[in-house]
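Note sheet for the following structure.
The values are calculated or read from the model by the stated rules, or taken from the named source; none is laboratory data. Everything numeric in this text was worked out from a predicted model, so none of it was measured. FYI the Cβ positions are ideal-geometry reconstructions off the backbone, even for glycines, and counts take in every protein chain you see. Heavy atoms of the whole protein, side chains included, go into the accessibility calculation; ligands, DNA and RNA do not. Shrake-Rupley method; radii C 1.70, N 1.55, O 1.52, S 1.80 Å.
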Amino acid sequence: MSELTMVEALRSGMREAMHADASVVLLGEDVGRVGGVFRVSDGLRDEFGPARVIDTPLSEGGIVGTAIGMAMHGLRPIAEIQFADFIYPAFDQLVNEAAKIRYRSGGQFSVPLVVRAPYGGGIKGGHYHSQSPEAYFTHTAGLKVVCPSNPRDAKGLLRAAIDDPDPVIFFEPKRIYRAVRDEVPDEIRVPLGKAEIVREGADVTLIAYGAMLYEALAAAEEVAREGIEVELVDLRTLIPLDLETLEASVNKTGRFVVVHEAPLTSGFGAEIVSRLTERCFYALEAPPIRVTGFDTPFPYTLEDVYLPLARRIAPALRKAMED
Amino acid sequence: MLGNTERPGGERGARAADPDLVRVLDDEGRAMRKPVLPIERRLALYEAMVRSRRLDERLERVQRQGRIGFHIGSQGEEAAVLGVAEALAPEDWIAPCYREVAALLHRGFPLEAHLDNVFGNADDPNVGRQMPVHFASRAHRCLSVSAPIGTQLPHAVGLAYAMKLRGEHAAVAAFFGDGATSSQGFHDAMTFAGVMKVGVAFFCRNNGWAISLPAHEQCAARALADKAVGYGIPAVRCDGNDLLAVFEVASRALDTARRGGGPTFVELLTYRAGPHSTSDDPTRYRDPDEVSRWAARDPITRLRKHLEREDAWDIDREAALLARVDAELKEAIARAEKKPRPSVASLFDDVYAEPTEALLAQKREALALDEGGEG
């Protein structure tokens, strides 16, 4: 057990996995010599050698395509995409290959692959270092999509993702890479597909994931002073979705608000609202509300306006209580 | 400027006068030097080539009759496919395009399993989830066919890297066509293979056409093999309709890969004698004279002439082979056609190793709808 940032927790997770299993390899742009542009893999090349911590040429399609081939022959590759904004050249390899290989081969082949990608805004990264592309991947059968919000979960979910027999897209909230410290146990596993209730409350359910968890928490504390008790759920995994936890909470509160950084239209919030409306319709006391990024490209100067920060979440919680 | 049909990539290179083209047999089947492949293997491969051709012709008819939805064949490219297949060691892998069924059958993949895939029946190794001729067999070390072009090439690189890391001394034979050399997957795979020095032999079947686009409009390079230079990968050009040359060139490339000598790019100059697939009509874009010129260079005819010159083949053996192959194919197709569809429940298997709750709910819904039906 040690007190770690998310960057340190992820590194610790990869190091443990690489020690435990010689088939685990890391590949990506600048992951070796420099330890990744965010230093998540700092020191791993020295420890495990350049054959297992591989600095690749600059092509995301090549990184993921090569990792798929590795995964089909006994390796457990972790492919790093330097920024989630750069994942699109690998989209075909993820959606048409990694996601479908088990299915299309009748289970003859599997792709135990983890694709790590720092995502999200709040770091003055502009269009191309701020995006949240998770919904593209949640729409694809055969992929799992994970998004941790704290160092402990980051390590535990990463270990579970590496153990998983199927491809997992692992979105890392880079805005909080170093913002929080946590007690992180050795050899921790956090199972995929389990949400966590991080704050209990009887009035309204607030659903968030990744970096926005902290904004959601701040908003919940703000409205608590007005007597609104928020139940905050950290999704942790988008696919598989822990509908059971969400459903139980919404049946209890009768109201819910969903938060994500990605744009509103066809964002993952739409899926959550639909599923919960289908399941909890007669328990609902008010229309569901989404607080999300706007339907604009991610901006540079006005990112604080774009992001669904606490100052936008708190009014949504109050509105949910009006009806 | 010459018309398109005068110089598709395949035709440009396959002239006997081309100095850097590897050939063993001339157009009349005369061995220009002593072939490496023993005569009994030449005979076995001749039979495999004929079987592949008859299978394609028969399945095209079955498709026209509406008994299967689609077929994609390898007519005219049998030497390019089987010459490489013969050079493979059992531990080598195939990263296929979709015209390499004959290579898989050559490794012992049962004809029945292939036809089960073609009919998408309950015994299909892919459980009826892919179109016909999108084969896969882990047991025969052959990856799963994907329709998007060139995507298998980086997989070949990763697989070869995994073998290297695990201390296995085997090669990956990656197959693709001329069109694929324009794809992202090709560029990624050649880039990565070059710097990773992995044991992949890249076999480009340059058959002159990517559906309707002639090879010279696919790429302005003098030869597709020239592309390899930019990736630091040695290249060789080979007459792809000369089984004996393909075998020799493939043997060298695969041997280099197995010995840790890194990748080789092999351009096999051949010709797509048939349509791209049963969905295609090449009369809309191809000069019939070009087709007949290439028919005169047909790889099966050429090898048969060679075997006749060697007194290893004659008209009686030919007739017996055709009768045997046709009977086998007819019977096997009829058997595959009679098998039932995969179960409704199987639709939901293999999306993940373990189904999600969402999938289980959808499965219950589909099964309820199907109650009293096919189960």
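When each of B:V127, B:V145 is tested for being within 14 Å of another protein chain (Cβ to nearest Cβ), within 30 Å of A:L94 (Cα to Cα) and touching a residue at least 60 places away in the same chain (Cβ under 8 Å), the lone residue that passes is B:V127.
Restricting attention to the range B:207-219, does a residue exist that is under 23 Å from B:L104 (Cβ atoms), within 14 Å of chain A (Cβ to nearest Cβ) and not small (G, A, S)? Steps first, please.
From the range B:207-219, those under 23 Å from B:L104 (Cβ atoms) are B:207, B:210; that's our starting set.
Restricting the remaining residues to those that are within 14 Å of chain A (Cβ to nearest Cβ) gives none.
No, because not a single residue in the range B:207-219 is under 23 Å from B:L104 (Cβ atoms), within 14 Å of chain A (Cβ to nearest Cβ) and not small (G, A, S).
Scanning the range B:240-275 for residues that are in a helix (DSSP H, G or I), among the basic types (K, R) and in contact with a Ser or Thr (Cβ under 9 Å, 6 or more places away or on another chain) yields a count of 1. Please go through the range B:159-184 and pick out each residue that is open to solvent by less than 10 Å² (accessible area, probe 1.4 Å), touching a residue at least 24 places away in the same chain (Cβ under 8 Å) and facing chain A (nearest Cβ under 8 Å). Selection gives B:L159, B:A160, B:M163. Kindly check whether there is at least one residue in the range B:265-281 that is open to solvent by less than 10 Å² (accessible area, probe 1.4 Å), among the acidic types (D, E) and over 20 Å from B:D56 (Cβ atoms). Within the range B:265-281 (the criterion being open to solvent by less than 10 Å² (accessible area, probe 1.4 Å), among the acidic types (D, E) and over 20 Å from B:D56 (Cβ atoms)), the answer is yes, since at least one residue qualifies. I'd like to check something: does the range B:117-140 contain any residue that is within 23 Å of B:V249 (Cβ to Cβ) and either assigned by TED's automatic domain parsing to the domain that holds B:G260 or part of a strand (DSSP E or B) (or both)? Scanning the range B:117-140, I find at least one residue that is within 23 Å of B:V249 (Cβ to Cβ) and either assigned by TED's automatic domain parsing to the domain that holds B:G260 or part of a strand (DSSP E or B) (or both), so the answer is yes.
Output the residues belonging to the range B:83-111 that are part of a helix (DSSP H, G or I) and touching a His at 6+ places or on another chain (Cβ under 9 Å). Even if it seems obvious, please write down each step before you answer.
So the first thing to find is which residues in the range B:83-111 are part of a helix (DSSP H, G or I), and the list is B:83-87, B:101-106, B:111.
Scanning the range B:83-111 gives B:A85, B:E86, B:V101, B:L104, B:L105.
For the criterion of being open to solvent by 20 Å² or more (accessible area, probe 1.4 Å), touching a helix residue (DSSP H, G or I) at 6+ places or on another chain (Cβ under 6 Å) and at pLDDT 95 or above, B:A79 fails.
Of the candidates A:L113, A:L206, the single residue that is within 14 Å of chain B (Cβ to nearest Cβ) and surrounded by 24 or more Cβ atoms within 10 Å (Cβ to Cβ) is A:L113.
Name the residues in the range A:125-149 that are under 22 Å from A:V37 (Cβ atoms) and assigned to a loop (DSSP other than H, G, I, E, B), would you? Correct list: A:G125, A:G126, A:S130, A:Q131, A:S132, A:P133, A:C147, A:P148, A:S149. Report yes if some residue within the range A:211-234 is open to solvent by less than 10 Å² (accessible area, probe 1.4 Å) and within 14 Å of chain B (Cβ to nearest Cβ); otherwise report no. No. It is to be established whether one or more residues within the range B:337-351 are open to solvent by less than 70 Å² (accessible area, probe 1.4 Å), within 24 Å of B:R42 (Cβ to Cβ) and among the β-branched types (V, I, T). No: zero hits.
Taking the criterion of being open to solvent by less than 20 Å² (accessible area, probe 1.4 Å) and under 18 Å from B:R317 (Cβ atoms), the residues of the range B:23-51 that qualify are B:G29, B:R42, B:L45, B:Y46, B:M49, B:V50.
Condition check for A:G35 on (1) without any contact (Cβ under 8 Å) to a residue 12 or more places away in the chain; (2) open to solvent by less than 10 Å² (accessible area, probe 1.4 Å); (3) not in a loop (DSSP other than H, G, I, E, B): one failure, at (3).
Hey, among the residues in the range A:57-90 that are outside any helix (DSSP H, G or I) and small (G, A, S), which one's farthest from the other protein chains (Cβ to nearest Cβ)? Walk me through it before giving the result.
To start, the set of residues in the range A:57-90 that are outside any helix (DSSP H, G or I) comprises A:57-59, A:72-83, A:87.
Filter again for small (G, A, S), leaving A:59, A:74, A:79.
Details: A:S59: 5, A:G74: 6, A:A79: 10 Å.
Per the stated criteria, the residue is A:A79.
Tell me, which residue of the range A:91-104 that is more than 7 Å from chain B (Cβ to nearest Cβ) and within 24 Å of A:P263 (Cβ to Cβ) is most open to solvent (accessible area, probe 1.4 Å)?
We begin by selecting, within the range A:91-104, every residue more than 7 Å from chain B (Cβ to nearest Cβ); these are A:91, A:94-95, A:98-100.
Those still in the list that are within 24 Å of A:P263 (Cβ to Cβ) too: A:91, A:94-95, A:99.
On the way: A:F91: 66, A:L94: 1, A:V95: 23, A:A99: 6 Å².
Here the answer is A:F91.
Among the residues of the range B:114-137, is any surrounded by fewer than 20 Cβ atoms within 10 Å (Cβ to Cβ), among the charged types (D, E, K, R) and under 21 Å from B:V200 (Cα atoms)? Scanning the range B:114-137 turns up no residue that is surrounded by fewer than 20 Cβ atoms within 10 Å (Cβ to Cβ), among the charged types (D, E, K, R) and under 21 Å from B:V200 (Cα atoms). Per the conditions (1) in contact with a helix residue (DSSP H, G or I) (Cβ under 8 Å, 6 or more places away or on another chain); (2) part of a helix (DSSP H, G or I); (3) within 23 Å of B:V195 (Cα to Cα), the sole criterion not satisfied by A:G13 is (3). If only residues of the range A:116-131 that are in contact with a strand residue (DSSP E or B) (Cβ under 7 Å, 6 or more places away or on another chain), in contact (Cβ under 8 Å) with a residue 60 or more places away in the chain and within 18 Å of A:M6 (Cα to Cα) are counted, the one that is surrounded by the fewest Cβ atoms within 10 Å (Cβ to Cβ) is A:G121.
Within the range B:148-158, the only residue that satisfies the criterion of being open to solvent by less than 10 Å² (accessible area, probe 1.4 Å) and either more than 9 Å from chain A (Cβ to nearest Cβ) or among the acidic types (D, E) (or both) is B:G150.
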